[in-house]
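What follows is calculated from the coordinates using simple rules that are stated; it is not laboratory data. The structure displayed is predicted, hence computed values, not measured ones. Note that we place each Cβ from the backbone using ideal geometry, even for glycine, and neighbour counts take in every protein chain shown.
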Amino acid sequence: MKVRLLLTLAGLISFAVPASIAQDAMKVVSADELVWKQDSLFKEVQIINLLGDPSKAEATVMRVKFPPNFKIPPHTHPVSEILTVLSGTFWNAMGDDLEKGAMLKPGSLLVLPANHIHRVWTTDEEVIIQLNFTGPFDITFINPADDPRKKAQ
């Protein structure tokens, strides 16, 4: 069962990487090169864009660092995501029951289909995740009042 799941996930990831990247280029990003930047939407969150441009229709790999006790209210993304927890404990609730959540420890993998309603949060520790997707990436809040872009205006 686990082997079938891993093969399915490997297949999904292989479709997410365009042939031009797989055949024409090799990219190495060493740990020494990582520079965290403030996220444009959530000021408390930091990101590193490792591969691709999330605003374009291309394969993208990014890391996201969440502070302790951080919440993102119910929302959707127009793209499927493959999320891996690198450190900390990350919580995700999705679908019809947004009150209960799944606890994701380091090494956990979460595959979210496009346009799937979910919310995420951290508890008492910093969390780092890695996101893989084919853009363009966006976020739509279920309750428009939760959108920080509207609060800044």
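At a glance:
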read-out	value
Region 46-69-region 82-122 distance, computed between alpha-carbon centres (Å)	16
Segment H116-N69, length gained on full extension (0.36 nm per residue, minus Cα span)	14.6 nm
Stokes-Einstein translational diffusion, region 28-151 - Kirkwood Rh over all Cα pairs, 1.306 mPa s, 10 °C, in µm²/s	107
Contact order normalised by residue count of region 28-151, Cα under 8 Å, 6+ apart, percent	32
Candidate aspartates and glutamates - alpha carbon under 14 Å from K43, same-chain residues fewer than 8 apart omitted	D147
Residue-wise HN-Hα coupling along region 114-123, computed from phi with Karplus coefficients 6.51, -1.76, 1.60 (Hz; x: Gly, Pro)	4, 6, 8, 6, 7, 9, 9, 7, 10, 10
Computed FRET value (nearest 0.05) for D124 with K100, which takes r as the C-beta separation and R₀ as 22 Å	0.70
Equivalent ellipsoid semi-axes - Cα gyration tensor, region 68-120, angstrom	17, 14, 10
Listed pairs K65/K151; K27/K100; K100/K150; K27/K151 exceeding 30 Å between Cα atoms	K27/K100; K27/K151
